[in-house]
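Engineer: The structure under discussion is supplied below as structure tokens; questions concerning it will follow.
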Amino acid sequence: MKKIVFCNIMMKGRLNAFRYNVSGNSTIEYDGEVIFPVNGILARTLKKDDDVKVVLLKKEDIDGNSDRNIGEYKKELDRLNSGIGAKIEYKILSTPHNESREIQEKLFKEILDEFTEGSAVYADITYGTKSLPIIMFSALNFAERFFKAEIKNIVYGKVDFGNDDKPCNPELFDMSALFYLNSIVNTIECTDGNSAIKILDAILSK
């Protein structure tokens, strides 16, 4: 099966691996520790005959942390895949650490170029700049409508920070429900806002 994975790469120097707690969604729960939450899902779902393209979204930082973290991502997924044997190729989309409209549109178009018809798509929006999840959601919406992509998981790994500034209480969330809610909103046809809210309330109550 053709699978496409998008992962935002962090620019920080310190990396932490966690066993992420999950509430109410056992399909994304993984018993081991991972730095990149999506890799835990891939460890559970990859099969030997899968053809996987991993697209790493990198912002260029002056300390070179992004490049080192790309290496850590590959090392982690390759280790998890060693007992599975799926075919994995890596692609890096690198853009300047700049939030100009031109840079954002460039990245959006480059992400669209990575989709193929009917693929299963996974995304990890845990790390990266604030604009990346917005760009990613827009690209996934495009892929679902025009490439018939199946959006499997959009994961976000949350941690708290204690008084000693150490990360703790790791928890994993699947944001794909929010993505599909947005898709539903886009299909509602009404003449006014109150009527649209009533339709949405009826949908959410099911």
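Engineer: Any chance region 80-99 includes a residue that's among the acidic types (Asp, Glu) and over 17 Å from Lys158 (Cα atoms)?
Structural biologist: Quick first cut of region 80-99, residues among the acidic types (Asp, Glu) only: 89, 99.
If we keep only those that are over 17 Å from Lys158 (Cα atoms) too, we end up with 89, 99.
Yes, some residue in region 80-99 is among the acidic types (Asp, Glu) and over 17 Å from Lys158 (Cα atoms).
Engineer: Additional query: Mind checking which residues of region 110-137 are surrounded by 12 or more Cβ atoms within 10 Å (Cβ to Cβ) and on the phi > 0 side of the Ramachandran plot?
Structural biologist: Gly128
Engineer: OK, next. For region 22-43, name all the residues that are outside any loop (DSSP other than H, G, I, E, B) and at pLDDT 95 or above.
Structural biologist: The answer is Val34, Pro37, Val38, Asn39, Gly40, Ile41, Leu42, Ala43.
Engineer: Under 8 Å by Cβ, and 6 or more places apart or on different chains, what pairs join a residue from region 110-121 that is within 10 Å of Lys3 (Cα to Cα) with one that is among the β-branched types (Val, Ile, Thr) and part of a strand (DSSP E or B)?
Structural biologist: If the second residue must be among the β-branched types (Val, Ile, Thr) and part of a strand (DSSP E or B), the pairs left are Phe115/Ile4; Phe115/Val121; Thr116/Ile4; Ser119/Ile4; Ala120/Ile4; Val121/Ile4; Val121/Val5; Val121/Ile151.
Engineer: Follow-up. Of the residues in region 191-206, how many are surrounded by 11 or more Cβ atoms within 10 Å (Cβ to Cβ) and either β-branched (Val, Ile, Thr) or under 30 Å from Ile35 (Cβ atoms) (or both)?
Structural biologist: The total comes to 3.
Engineer: Are any residues in region 139-168 at pLDDT 95 or above and of a type in the set (S, T, N, Q), and if so, which ones?
Structural biologist: Result: Asn153, single match.
Engineer: Could you give me the residue pairs with C-beta distances under 7 Å whose first residue belongs to region 195-206 and is among the hydroxyl-bearing types (Ser, Thr, Tyr), whose second residue is loosely packed, with under 10 Cβ neighbours inside 10 Å and at pLDDT below 80 wherever it lies, and which are 6+ apart or on separate chains?
Structural biologist: none
Engineer: Considering each of Leu15, Leu56 in turn, give the residue that is among the hydrophobic types (A, V, I, L, M, F, W, C), more than 16 Å from Lys152 (Cβ to Cβ), in contact (Cβ under 8 Å) with a residue 12 or more places away in the chain and not in a loop (DSSP other than H, G, I, E, B). Talk me through it step by step, then tell me what you get.
Structural biologist: Details: Leu15 fails: not in a loop (DSSP other than H, G, I, E, B).
The conditions single out Leu56.
Engineer: Scan region 34-57 for residues that are under 25 Å from Pro96 (Cα atoms) and either surrounded by 22 or more Cβ atoms within 10 Å (Cβ to Cβ) or hydrophobic (A, V, I, L, M, F, W, C) (or both) and jot them down.
Structural biologist: Selection gives Ile35, Phe36, Pro37, Val38, Val54, Val55, Leu56, Leu57.
Engineer: Please determine, by comparing only the residues of region 82-109 that are out of contact with any strand residue (DSSP E or B) (no Cβ under 7 Å at 6 or more places or on another chain) and surrounded by 14 or more Cβ atoms within 10 Å (Cβ to Cβ), which one is farthest from Met1 (Cα to Cα).
Structural biologist: Selected residue: Gln104.
Engineer: Would you mind stating whether Ile188 is without any contact (Cβ under 8 Å) to a residue 60 or more places away in the chain and either surrounded by 13 or more Cβ atoms within 10 Å (Cβ to Cβ) or closer than 25 Å to Asp113 by Cβ (or both)?
Structural biologist: So Ile188 fails the test.
Engineer: Next question, about the same structure. So, in region 153-184, exactly how many residues are without any contact (Cβ under 8 Å) to a residue 60 or more places away in the chain and either charged (D, E, K, R) or farther than 22 Å from Lys130 by Cα (or both)?
Structural biologist: 8
Engineer: Can you tell me which residue in region 140-167 is surrounded by the most Cβ atoms within 10 Å (Cβ to Cβ), limited to those that are under 24 Å from Ile111 (Cα atoms) and either among the polar types (S, T, N, Q) or in contact with a Lys or Arg (Cβ under 9 Å, 6 or more places away or on another chain) (or both)?
Structural biologist: Restricting to residues being under 24 Å from Ile111 (Cα atoms) and either among the polar types (S, T, N, Q) or in contact with a Lys or Arg (Cβ under 9 Å, 6 or more places away or on another chain) (or both), the top hit is Asn153.
The values are calculated or read from the model by the stated rules, or taken from the named source; none is laboratory data. As the structure is a computational prediction, the values presented were derived from the model and not from experiment. Quick reminder, even Gly has a Cβ in these numbers, built from the backbone with ideal geometry, and neighbours come from all protein chains shown.
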